[in-house]
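Data block below; observations after.
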Amino acid sequence: MDQISKQKQIASLIEEINFHNYQYYVLDSPLISDAEYDNLFRQLASIEKSNPNFVLPYSPTQRVGHPVSGTLSSHPHEYPMLSLENAINENELIEFFNRMKKISKSDTIEYVVEPKIDGMGVALIYINGTLKKALTRGDGYQGEDITHNIKTINSIPLKLLKKSPEKVEIRGEIFMTKKSFEDLNNHNHKTGDKIFSNPRNAAAGSVRQLDPKVTAKRKLSFYAYEYTNPDEESITNHWDMLNQIKLWGMPTNPFTIKSSEETVIIKKHQEMEKIRSSIDYEIDGTVIKVNSASLRKKIGFRSRSPRWAIAAKFESQKVDSQVLEIVLQVGRTGVITPVAKISPVFISGARIQSVTLHNQDEIDRKEIYIKDYVVVERSGDVIPKIVSVIKSRRPVNASKFSLHGASCPSCNSQIKRKEDEAVYRCLNANCKDQIKSRIEHFVSKKALNIEGLGPQIIDQLIMQKIIYSYADIFKINEKALIALERFGEKSSENLVGSIETAKKTEFSRVLYGLGVPNVGEHIAKIIENHVNGSFETLRQETVETLSEIEGVGEIVAQSIVEYFNNEINWSLIQKCFENGLQVIRTEPKKGLLLGKTFVVTGTLNNFSRVEAKEILEKNGANVVSSVSSKVFGVIVGDNPGSKLGKANKLELKIYDESFIQNLI
Ligand SMILES: [Zn+2]
């Protein structure tokens, strides 16, 4: 066979495979068996293998490419990906209809209703019909480039079937079916890999992989719901737009309907709520959009959402279960939390078997007994809770539960409740679980950020009496570590190394790490500036002086003063410093180039790149290594390479070495 006919054969096989994809994913009516499909795929792959020069970039064999190095890069959206306003009940939906009628001065408005999939929004950019870029929604204005992973999703065509505009951006939702989610978690359970809490997290985690091979195994699905700036002559409404998308070979949601009858729309919404558990993917509502493009124009936008569409949410899912027992947990501040262990249930794709009951008042108010049948609710990522007790089903052996007179699950000392507090506490300063969680908090990422000091190691260190408090962490040495289980020379060295690094840290990290009630990272930063990074100064403050600070309320002020006036707390802080902790002050940035981002590329004659970076940073600039639209200017030396080309394309400011010279 000659070269040209090989090329033709490749093209026709791709066309055939794409046609069958269309039959399968868009029309849901495959014309050939999976085996026949695989056969076509193998034929194509084998011809391509012997003719590597003819492999087309949009060939279905090219779906799994090379891993991306480093991190995913960010790109601005050409058109912002707006969010939708929510309607949380039928009344709000009716209000929406009335608003539309009023603004548009029209009595009958046609709407399109589609299920609201609980997945991840993406924008797919096709140039001359070929998939060129895929971005996550991100913050709506800037998304991450996930092209390498999106290509692995079989229902997304690499090349559109019919003629399309030169450039078109198609948007839709990536999701994982319940079945794929379960399979993935079962598999990960066996291999000891990450267990995802729900299909949405699993989908989001999968499309943000660096290696497309991982994504390809995750079996993601896709439905498109719109494309940006359609040709106004031919597409005058949303319904036609969806049909156009289907003609391009892209699946859209089959439950979508259009109607001008408000009652029909409400009925569709209710029907979707009824069948939601029998659909093989998670939906959390319906989206209702004005159909006509010209009417949409008239109705317009709010700042972050179109006025002509609304997301009608379902009520959060409720499932019956039984309280098996109520156990107690002690937190780092000594607060005792009662937790109900329930017979495991699945809600919104997550397996739930314990539900916090918060405190005794909550248990009393809801009249929750041990062995009671209860209604458990969870909406989205929200912590599950017991909504109510099914009293008609209360077993005869059900028993009341009381924290009164109970003892701490960790140290067994009796728990107490202050008169004005809802919670019981363990007041034992040496309570092991409290100490343990305090240390865990102290070394956590946002606090001292000591890598490699996980809960199990902390547990061992306490058990072996190597540490008694967080202040002892700074004294840990390799000799003590090697004696522990699973510790070798290398790992001991590493841990001591990361403790050494953590010794020099910011005031705000230490303050946050102490776990003063009501003091989060943000407040810790405010306090750092106020006391100029000194714990001595902080100790002199009063409730009055602290409450005057912008952003610090009286409750926060009170809890800080109480904490630092406690002698035990204060001596532990001092011990930290005695053991080598040092607080470093980061000067607030200032300078000519404040807020501007620069890239340095190529060889400079009078400076090394590190020197150039330092000089720029001294003047307030932020220096990064890769060129993007976020960059303000690029300093170019000799042999700059591809970064200069990219900078020119983005029309960034280009400077030579004299720019640095002038800063000195
Ligand atoms: Zn205790």
Is it the case that region 358-365 has a residue that's in contact with a helix residue (DSSP H, G or I) (Cβ under 6 Å, 6 or more places away or on another chain) and away from the ligand (no atom under 16 Å from the Cβ)?
no
Filtering region 153-192 for residues that are out of contact with any helix residue (DSSP H, G or I) (no Cβ under 8 Å at 6 or more places or on another chain), more than 28 Å from Ser83 (Cβ to Cβ) and either part of a loop (DSSP other than H, G, I, E, B) or not assigned by TED's automatic domain parsing to the domain that holds Arg208 (or both) leaves a count of 3
With the condition kept exactly as written, say whether any residue in region 469-490 is at pLDDT 90 or above and within 16 Å of the ligand (Cβ to nearest atom).
yes
Among (1) of a type outside the set (Val, Ile, Thr); (2) surrounded by fewer than 18 Cβ atoms within 10 Å (Cβ to Cβ); (3) over 24 Å from the mean Cα position of the chain (by Cα); (4) modelled with pLDDT of 95 or more, which single condition is Lys163 missing?
(4)
Number of positions in region 614-653 that are loosely packed, with under 15 Cβ neighbours inside 10 Å and assigned to a strand (DSSP E or B):
3
Hey, Leu495 surrounded by 17 or more Cβ atoms within 10 Å (Cβ to Cβ), in the same structural domain as Lys436 (by TED's automatic domain parsing) and either under 20 Å from Gln558 (Cβ atoms) or hydroxyl-bearing (Ser, Thr, Tyr) (or both) or not:
no
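Among what's in region 166-200 and is of a type in the set (S, T, N, Q) and either free of Cβ contacts under 8 Å to residues at least 24 places away in the same chain or closer than 17 Å to Gly143 by Cα (or both), pick the residue that is surrounded by the most Cβ atoms within 10 Å (Cβ to Cβ). Steps first, please.
Of region 166-200, the ones of a type in the set (S, T, N, Q) are 177, 180, 185-186, 188, 191, 197-198.
Going one step further and asking which of them are either free of Cβ contacts under 8 Å to residues at least 24 places away in the same chain or closer than 17 Å to Gly143 by Cα (or both), we end up with 185-186, 188, 191.
Numbers: Asn185: 19, Asn186: 11, Asn188: 14, Thr191: 8.
By that ranking, first place goes to Asn185.
Of everything in region 373-423 that's within 30 Å of Glu273 (Cα to Cα) and among the basic types (Lys, Arg), which residue is nearest to the ligand (Cβ to nearest atom)? Walk me through it before giving the result.
Going through region 373-423, the residues within 30 Å of Glu273 (Cα to Cα) turn out to be 373-394.
In the following step, the residues that additionally are among the basic types (Lys, Arg) were identified as 378, 385, 391, 393-394.
Numbers: Arg378: 30, Lys385: 26, Lys391: 34, Arg393: 35, Arg394: 32 Å.
In this case the residue turns out to be Lys385.
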Quick one: which residue in Thr505, Thr537 is open to solvent by less than 60 Å² (accessible area, probe 1.4 Å), at pLDDT 90 or above and in contact with a strand residue (DSSP E or B) (Cβ under 8 Å, 6 or more places away or on another chain)?
Thr505
For the condition touching a residue at least 60 places away in the same chain (Cβ under 8 Å), surrounded by 12 or more Cβ atoms within 10 Å (Cβ to Cβ) and among the basic types (Lys, Arg), what is the one hit in Arg425, Arg393?
Arg425
Condition set out of contact with any Ser or Thr (no Cβ under 6 Å at 6 or more places or on another chain) and under 13 Å from Ile654 (Cα atoms), scope region 623-633, selection modelled with the lowest pLDDT: answer is Val627
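Of a type in the set (A, V, I, L, M), closer than 30 Å to Ile127 by Cβ and in contact with a Phe, Trp or Tyr (Cβ under 7 Å, 6 or more places away or on another chain), is that true of Ile265? Let's see the steps before the verdict.
Working: of a type in the set (A, V, I, L, M): yes; closer than 30 Å to Ile127 by Cβ: no; in contact with a Phe, Trp or Tyr (Cβ under 7 Å, 6 or more places away or on another chain): yes.
When the stated conditions are applied, Ile265 does not pass them.
One line per residue, one yes/no per condition, for (1) over 37 Å from the mean Cα position of the chain (by Cα); (2) in a strand (DSSP E or B):
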| site | (1), (2) |
| --- | --- |
| Asp361 | no, no |
| Val387 | no, yes |
| Asn397 | yes, no |
| Ser402 | yes, no |
| Asn412 | yes, no |
Regarding Asp433, is this residue part of a helix (DSSP H, G or I), of a type outside the set (Phe, Trp, Tyr), open to solvent by 10 Å² or more (accessible area, probe 1.4 Å) and in contact with a strand residue (DSSP E or B) (Cβ under 6 Å, 6 or more places away or on another chain)?
yes
Please specify each residue of region 437-449 satisfying the condition of being without any contact (Cβ under 8 Å) to a residue 40 or more places away in the chain and either within 14 Å of the ligand (Cβ to nearest atom) or surrounded by 12 or more Cβ atoms within 10 Å (Cβ to Cβ) (or both).
Ile439
Mind checking which pairs have a first residue in region 205-224 that is more than 15 Å from Thr147 (Cβ to Cβ) and a second that is in a helix (DSSP H, G or I) and not β-branched (Val, Ile, Thr), Cβ under 6 Å, 6 or more apart or different chains?
Arg218/Ser206; Lys219/Ser180
Filter region 200-232 down to the residues that are closer than 20 Å to Phe255 by Cα and not charged (D, E, K, R) and list them by number.
Leu220, Ser221, Phe222, Tyr223, Ala224, Tyr225, Tyr227
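Of everything in region 591-613 that's at positive phi and modelled with pLDDT under 80, which residue is least open to solvent (accessible area, probe 1.4 Å)?
The selected residue is Gly591.
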Those residues of region 546-568 which are free of Cβ contacts under 8 Å to residues at least 60 places away in the same chain and exposed (fewer than 14 other Cβ atoms within 10 Å of the Cβ), in sequence order
Glu548, Glu550, Gly551, Gly553, Glu554, Ile555, Glu562, Asn565, Asn566, Glu567
Mind checking which strands (runs of 3 or more DSSP E) fall wholly inside region 249-353 and carry at least 2 residues that are open to solvent by 20 Å² or more (accessible area, probe 1.4 Å), within 16 Å of the ligand (Cβ to nearest atom) and of a type in the set (Gly, Ala, Ser)?
none
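The values are calculated or read from the model by the stated rules, or taken from the named source; none is laboratory data. What you see is a predicted model; the values in this text were computed from it and never measured. Glycine also receives a Cβ, built like all others from the backbone with ideal geometry; neighbour counts cover every protein chain displayed. Note: accessible area is taken over every heavy atom of the protein model, side chains too, but ligands, DNA and RNA are not part of it. Shrake-Rupley method; radii C 1.70, N 1.55, O 1.52, S 1.80 Å.
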